[in-house]
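To start, the structure under review is shown below, and the notes come after it.
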Amino acid sequence: MSSWSELSEFIAALDAEDRAKVGRYAFLELPENTGEIELLLSAPENPAATPAQFVSNVISQAASARDLDLARKLGPVALDAAETPGDLQLAHASLAQAYFQNRRDPESAKSFEKHCRAAIEAGHAGTFCYERLAALYEYRGDLEEALRISHRAAEVLRAAGDERSAARFEKRAERLSRKSR
């Protein structure tokens with residue numbers, strides 16, 4: 001599903017309620033007709049440069065609204081549409097955000113961890129997954145893994161030019177080192 005046409009067909013095939021939610025989370029009034037949806041989504045004014053970015057952004061908005069059902073439904077679409085490492089990072093980070101909203105459920109917690117790790121392995125340089133994973137491992141008592149995640153975050157974020165966040169993770173790593181002694 002790497003083209004606007006395929007994404008438009010998918011959206012048009014959704015039931016009216018889910019199609020309306022996609023439109024609301026995308027801040028668009030989506031028509032019912034596949035061709036009209038495609039024209040709207042592929043328009044130069046659309047800030048999502050790729051279908052994967054569009055779907056990932058909708059997943060993030062659905063997660064913020066605690067609409068995990070729609071986020072789960074769109075997850076495979078975002079992953080399938082991902083053609084670049086950036087698309088893949090964003091898709092996994094968005095899914096991690098969605099599953100994080102329901103983290104008390106054991107299956108959602110596992111999915112959250114899986115998607116955070118996948119985003120990190122794909123090279124994601126945002127703080128969300130690093131922060132939440134480090135906190136999760138610290139909470140579980142796995143200080144070694146929390147420390148490893150914190151060091152990796154500092155390295156990746158510094159390389160991405162985010163010195164402030166890198167310094168924050170270095171402080172966290174120092175605290176974890178003291179705690180693990």
- Task: Calculate for the chain the 222 nm mean residue ellipticity that helices alone would give, adding -39,500 (n - 2.57) per DSSP H run of length 4 or more and normalising by residue count, nearest 500 deg cm²/dmol.
- Result: -24500 deg cm²/dmol
- Quote to one decimal, in nm, the extra length available between Glu32 and Lys171 on full extension: 0.36 nm per residue of separation minus the C-alpha distance between them. 44.9 nm
- Task: Only Cα pairs under 8 Å and at least 6 apart count here; give the relative contact order of the chain as a rounded whole percent.
- Result: 14 percent
- Using the Cα gyration tensor of the stretch 48-115, with a ≥ b ≥ c the square roots of its eigenvalues, what is the shape: rounded (a/c below 1.5), prolate (a/b larger than b/c) or oblate (neither)? prolate
- Scoring only Lys, Arg, Asp and Glu (+1, +1, -1, -1) among other residues with Cβ under 14 Å from the Cβ of Glu163 yields +1
- Sites Arg178 and Arg117 - FRET efficiency at Förster radius 45 Å, r taken between beta-carbons, to 0.05: 0.95
- Message: Which of the three applies to the stretch 1-124, rounded, prolate or oblate, going by the alpha-carbon gyration tensor with a ≥ b ≥ c and a/c under 1.5 meaning rounded?
- Response: oblate
- Cleavage-rule hits, trypsin sites (Lys or Arg not before Pro), the stretch 98-156, DSSP coil, Cβ neighbours within 10 Å at most 11: Arg104
- Note on the structure: Across the chain, qualifying lysine pairs (alpha carbons under 30 Å, at least 8 places apart or different chains) come out at 10
- Message: Over the stretch 66-163, what is the relative contact order in percent, taking alpha-carbon pairs closer than 8 angstrom and at least six residues apart?
- Response: 21 percent
- Identify the chymotrypsin sites (Phe, Trp or Tyr not before Pro) of the stretch 15-77 meeting these criteria: DSSP loop state and at most 11 other C-beta atoms within 10 Å of the C-beta. Phe27
- Using Cα pairs under 8 angstrom and six or more residues apart, how large is the relative contact order of the stretch 113-181, in percent? 26 percent
- Task: Report the net charge of residues surrounding Ala20, where surrounding means a beta-carbon distance below 11 angstrom and charges are Lys +1, Arg +1, Asp -1, Glu -1.
- Result: -2
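Quick note: the coordinates plus some simple rules give every number you see, no bench work behind them. Predicted model only: the values in this text are computed from it and were never measured. Cβ atoms come from the backbone with ideal geometry, glycine included; neighbour counts cover every protein chain shown.
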